[in-house]
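Participant: Let me begin by handing over the structure; questions about it come next.
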């Protein structure tokens, strides 16, 4: 009986190994047949996003796209093309961002370069602000609250939609009012605390209706210490938009919102020097200048 079991295990193992060898052979043949184009070479400002279309010639091979060492939302390639959104960190002021396909052939990791983005320094300015003391010199209680909120935000960011888009039209800025603070500026609060501005501030009287910049899913609608009442919308493809310092929510977490759908009323909550809307855009892990996303269409 034991002999029979050993024989069956041997046969099953042999079949499994044979299938893996056949699959590996097919992947190797596919790789040999692909003629990769010369990598794209272009520029990108720090704190910007650029839309790109890369040839995706794989069928049997499952490849992921990495840019600057970070995995990028690849979506579902169509007709041999992958549409992606490349973002650059506000803090990386020089050097290059290499984009490459990565995949495994057996136990060997392969890397195929597809693009190089040379970073152009945007030279963001310094801005001084005055806010209530509790937002510049934090109490122990405030620090603990900020830590809890930050930990929850990391969980939110880890669950963004990357395999498809929820939108099918270009993004639109939430308001047409005056810009009171641009993206990227270094900030000094009460001549004490340093920070930087990760979004764009629009003038907005308290109670102004705030629309979504595009179709998406509400993944956060909560009151936070620094950003006040805050809404975050996941649009898919690694793209999030954030709306801060609100006075009243018009949505709840889990809602699917159309482009232009009203999500909240503007306010002056959190660390704010006056009534306004802070609009942030996060693409594949980087807070970027939202206007660069508007310029990229879909």
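The values are calculated or read from the model by the stated rules, or taken from the named source; none is laboratory data. These figures come from a predicted structure and were not determined experimentally. Heads up, the Cβs are rebuilt from the backbone with ideal geometry, glycines too, and the neighbour counts pull from every protein chain shown.
Participant: Mind counting the residues in region 265-296 that are under 21 Å from residue 160 (Cβ atoms) and either in a loop (DSSP other than H, G, I, E, B) or free of Cβ contacts under 8 Å to residues at least 60 places away in the same chain (or both)?
Facilitator: 4
Participant: So the check is Cβ under 6 Å with 6+ separation or different chains; which pairs have a first residue in region 136-150 that's in the same structural domain as residue 225 (by TED's automatic domain parsing) and a second one that's at pLDDT below 90?
Facilitator: 136/189; 136/190; 136/192; 136/193
Participant: Next up: Taking the conditions exactly as written (touching a strand residue (DSSP E or B) at 6+ places or on another chain (Cβ under 7 Å) and modelled with pLDDT under 85), does residue 74 satisfy them or not?
Facilitator: Answer is no for this residue.
Participant: Among the residues of region 62-88, count how many are free of Cβ contacts under 8 Å to residues at least 40 places away in the same chain and either surrounded by 20 or more Cβ atoms within 10 Å (Cβ to Cβ) or on the phi > 0 side of the Ramachandran plot (or both).
Facilitator: Result for region 62-88: 5.
Participant: I've got another one for you. Considering only region 246-263, how many residues are assigned to a strand (DSSP E or B) and either more than 21 Å from the chain's Cα centre (by Cα) or under 17 Å from residue 151 (Cα atoms) (or both)?
Facilitator: Of the residues in that region, 5 qualify.
Participant: Restricted to region 109-141, and to residues that are part of a helix (DSSP H, G or I) and modelled with pLDDT of 90 or more, which residue is surrounded by the fewest Cβ atoms within 10 Å (Cβ to Cβ)?
Facilitator: Only one residue fits best here, namely 140.
Participant: Let me spell it out: the conditions are (1) crowded, with 20+ Cβ neighbours inside 10 Å; (2) at positive phi; (3) at pLDDT below 95, and residue 237 meets all of them except one. Which number is the exception?
Facilitator: Residue 237 satisfies every listed condition except (3).
Participant: Looking only at region 89-108, filter to residues that are surrounded by fewer than 13 Cβ atoms within 10 Å (Cβ to Cβ) and under 25 Å from the mean Cα position of the chain (by Cα); which one of those is farthest from residue 274 (Cα to Cα)?
Facilitator: Result: 95.
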